[in-house]
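In what follows, a structure is listed as structure tokens, so that the remarks can point back to it.
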Amino acid sequence: MEKYIVKLTLDERNDLVNLTRTGKHAASKILHARILLEVDEGEHADSADKTTDKVVAVRLHVNESSVKRVRKRFVFEGLESALSRKPHSRTRPRIIQGEEEAHLIAICCSQAPEGRTRWTLKLLSERLVEMEIVESVSAPTIGRVLKKMN
């Protein structure tokens, strides 16, 4: 098992202490700053003894793997990366955007199909597929797009 050694400079340490005391930052950022302060093994550390990840995890009420992850990010990516959360990696592009939205609005403003008094979300999704504007789309997606428009 590899252990990543965190050695903070005096400036980094002071910045982290200020960050934890002000309380004007995200809770996760403050927690990561506390973890880094606890695992610091540099010359400016509060205590000379090395605390284990397990002890730090118990002290800060987090999982041991969180302490290891913050250590590793600090060593490989630096202080700012260790403090901030990673962006989500599984974002998908929107099905309906731009031109598709314009077509959807045009359909909504048009006359409802024969035998109907108004457009339903299901009818709108079927019409978009029928007109080959989108390959497939669900009624809840149509609802979210229209809700966003308000």
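None of the figures in this text is laboratory data; all of them are computed from the coordinates on show. This structure is a prediction, so every number in the text was calculated from the model and none was measured. A quick note on method: Cβ atoms are made from the backbone with ideal geometry, for glycine too, and the neighbour counts reach across all protein chains shown.
The lysines whose alpha-carbon is closer than 23 Å to the alpha-carbon of Lys24, local same-chain residues fewer than 8 away aside, are Lys86. Where is the GNM fluctuation largest for the chain (alpha-carbon springs, 10 angstrom cutoff): Ala57, Ala45, Ala102? Fluctuation is largest for Ala102.
Using a cutoff of 8 angstrom between alpha carbon atoms and counting only pairs six or more residues apart, the relative contact order for segment 1-146 works out to 18 percent. Dipole magnitude for the chain: computed about the Cα centre from +1 point charges on Lys and Arg Cβ and -1 point charges on Asp and Glu Cβ, it is near 500 debye. Exceedance of the 28 Å cut-off in Cα-Cα distance is limited, within the set Lys7/Lys29; Lys29/Lys147; Lys29/Lys50; Lys3/Lys29, to Lys29/Lys147. For segment 52-144, applying the loop criterion from DSSP together with a ceiling of 16 other beta carbons within 10 Å to the trypsin sites (Lys or Arg not before Pro) yields Arg85, Arg90, Arg94, Arg116, Arg118. For segment 51-98, the mean projected area of the C-alpha convex hull, equal to one quarter of the hull surface, is 5.3 nm².
For His103, neighbours were defined as the other residues whose beta-carbon sits under 13 Å from its Cβ, and their charges (Lys and Arg +1, Asp and Glu -1) total -4. A simple spin-label model places the labels of Ile105 and Thr117 2.7 nm from each other, with each point 7 Å out along Cα-to-Cβ. Across segment 70-75, rounded Karplus estimates of 3J(HN,Hα) from the backbone phi angles (6.51 cos²θ - 1.76 cosθ + 1.60, θ = phi - 60°) give 5, 4, 4, 5, 5, 5 Hz, Gly and Pro being marked x.
Net charge of the neighbourhood of Ile35, taken over other residues with C-beta under 12 Å away and scored Lys/Arg +1, Asp/Glu -1, is +4.
Using the Karplus relation 6.51 cos²θ - 1.76 cosθ + 1.60 with θ = phi - 60°, the per-residue 3J(HN,Hα) values for segment 107-113 come to 5, 4, 7, 7, 5, 5, x Hz, with x marking Gly and Pro.
Over segment 10-83, what portion of Cα pair distances is larger than 21 Å, expressed as a whole percent? The share of Cα pairs beyond 21 Å in segment 10-83 comes to 18 percent. With R₀ set to 22 Å, the beta-carbon distance separating Val55 from Ala27 gives a calculated FRET efficiency near 0.50.
Computed 3J(HN,Hα) for segment 14-27, one whole-Hz value per residue from the Karplus formula 6.51 cos²θ - 1.76 cosθ + 1.60 where θ = phi - 60°, is 4, 4, 5, 5, 5, 4, 6, 8, 6, x, 9, 10, 4, 4, glycine and proline marked x. Would you indicate which of (i) 19.6; (ii) 16.4; (iii) 21.0 is the value of Kirkwood radius over Cα pairs in Å derived from the coordinates of this structure? Evaluating Kirkwood radius over Cα pairs in Å on these atoms matches (i).
Along the chain, the longest continuous region that contains none of the GluC sites (Glu not before Pro) in a DSSP loop with at most 16 other C-beta atoms within 10 Å is 44-113.
Give the separation of the Cα centroids, segment 45-100 to segment 109-131, in Å. First find each Cα centre; the distance between them is then 47 Å. Where only DSSP H runs of four or more residues are counted, the chain gives -17000 deg cm²/dmol as its mean residue ellipticity at 222 nm, each run worth -39500 (n - 2.57). Within segment 99-149, the proportion of Cα pairs with more than 14 Å between them is 47 percent. Taking the chain as a Gaussian network of alpha-carbon nodes connected by springs under 10 Å, the highest mean-square fluctuation of the residues Thr120, Thr51, Thr91 belongs to Thr120.
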